[in-house]
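The values are calculated or read from the model by the stated rules, or taken from the named source; none is laboratory data. Everything quoted here is computed from the prediction, not taken from an experiment. FYI the Cβ positions are ideal-geometry reconstructions off the backbone, even for glycines, and counts take in every protein chain you see.
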Amino acid sequence: MVGRRLLAVAACLVFASAALAQTGQLEVSDAWARATPGKAENGVAYLTIRTPTPDRLVSVSSPVAKKAELHTMEMAGMVMKMRPLAGLDIPAGQSVTLKPGGEHIMLMGLNGPLREGQSFPLTLTFEKAGARTVTVAVEKPGAAGPAPQR
Amino acid sequence: MMAGNLPRRFFLVTALFAGLVILGAGAFLALSLHETPRGAAGTLLASAIGGPFRLVDQNGKTVTDADLKGKWSLVYFGYTHCPDACPTALNDIAIALDELGPQRNEVRPVFVTVDPERDTPEVLKSYVTAFDAPILALSGTPEEIAQAAKGYRVYYAKHPEAGGDYSMDHSSVIYVMDPEGRFTASFTQENSPEEIAERLKKLLS
């Protein structure tokens, strides 16, 4: 019992010092999605992640879709392949941007169409930083990037 | 032993064949992207991509390769469950057409589904109206789609995913066909809408 308690205290100290060593927190910004054309069942969201310490995005979810997955788009010559990713490593001090033609968050089985001008919540779960919920702004279908700050 | 080897050999041959097809298509396209003012017109390439097809448009009307003649066509194969590459291509086309000004009326964007199972004419109709361009959206039976894709050297395959869902692997290329229905040039996601517009202006002049 005593051993376990000591271990817990030690663990707390380690976490506390790790937290103190951090100069800031993991940040998610510029979250945007494409409006879905017609009755399209799948949507897509993109965003930027920045973290002072290495972390890993392990899952995503949103109330607007039955399922949200982290996907990557690979080109094999001229052939486009979309594949689910188990996670995405976020290196310390670098901005990782999910954008068209690369990694993206796939919203599968939308409950309704995503319309330009709307916004919706998206929760990202990181291995270390835990869950972050961001507001995603819906842009035009096929938009290439987030709209300038509104 | 034989039973164990056969599927492996079959797989290898199939993979090799698929590889050759992709390489071949890549070589064709690399050649076609070579800057010539008239594109591939008058070259062997002009007849290597395209060919006869019989499909149905978003209003249920039959469309064949002959119907594409008389205007320039921008032909893209994709599917509506694809949220990344396909809307990017269609949006790039819409922006490029805007840059063309009045000449845009000489160009017809064509979206052919590689997922006829889910992309019925009705689904396609609601999909393409969201883009700022008058897109002709084509579907058909799996056989009809296969024939059209073969003519355009388009590779596609179903990729199953967890939960019974699937995505489609597919060639992501915008083909430029001249008013005679001959292959003239092509674009990929590497080309910006501005580049596409510039090239089209040269071809249309």
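Worth pointing out:
- Test: residue in segment A:109-117 that is facing chain B (nearest Cβ under 10 Å), under 22 Å from B:Lys158 (Cβ atoms) and without any contact (Cβ under 8 Å) to a residue 60 or more places away in the chain: no
- Residue ID - surrounded by the fewest Cβ atoms within 10 Å (Cβ to Cβ), chosen from residues in segment B:142-188 that are among the aromatic types (Phe, Trp, Tyr) and not in a loop (DSSP other than H, G, I, E, B): B:Tyr166
- Within segment B:133-180, no residue satisfies the criterion of being more than 14 Å from every other protein chain (Cβ to nearest Cβ), at pLDDT below 95 and more than 28 Å from B:Arg199 (Cβ to Cβ).
- A:Gly142 being within 11 Å of another protein chain (Cβ to nearest Cβ), touching a residue at least 60 places away in the same chain (Cβ under 8 Å) and in a strand (DSSP E or B): no
- Number of positions in segment A:92-127 that are part of a loop (DSSP other than H, G, I, E, B) and either farther than 19 Å from A:Pro52 by Cα or in contact with a helix residue (DSSP H, G or I) (Cβ under 9 Å, 6 or more places away or on another chain) (or both): 13
- Of all residues in segment A:63-86 being without any contact (Cβ under 8 Å) to a residue 12 or more places away in the chain and among the charged types (D, E, K, R), the one that is farthest from B:Arg153 (Cα to Cα): A:Glu74
- Boolean, B:Asp165 is charged (D, E, K, R) and touching a helix residue (DSSP H, G or I) at 6+ places or on another chain (Cβ under 7 Å): no
- Flag if B:Glu195 is free of Cβ contacts under 8 Å to residues at least 12 places away in the same chain, part of a helix (DSSP H, G or I) and under 18 Å from B:Phe53 (Cβ atoms): no
- Being farther than 25 Å from B:Val128 by Cβ, surrounded by fewer than 21 Cβ atoms within 10 Å (Cβ to Cβ), out of contact with any Leu (no Cβ under 6 Å at 6 or more places or on another chain) and at the interface with chain B (Cβ under 9 Å from one of its Cβ atoms) is a condition met by at least one residue of segment A:80-94.
- Filtered residues of segment A:121-134 (kept if closer than 23 Å to A:Lys39 by Cα and either surrounded by fewer than 20 Cβ atoms within 10 Å (Cβ to Cβ) or modelled with pLDDT under 95 (or both)): A:Pro121
- Qualifying residue in segment A:53-60 (condition: within 24 Å of B:Arg118 (Cα to Cα), within 14 Å of chain B (Cβ to nearest Cβ) and out of contact with any helix residue (DSSP H, G or I) (no Cβ under 9 Å at 6 or more places or on another chain)): no
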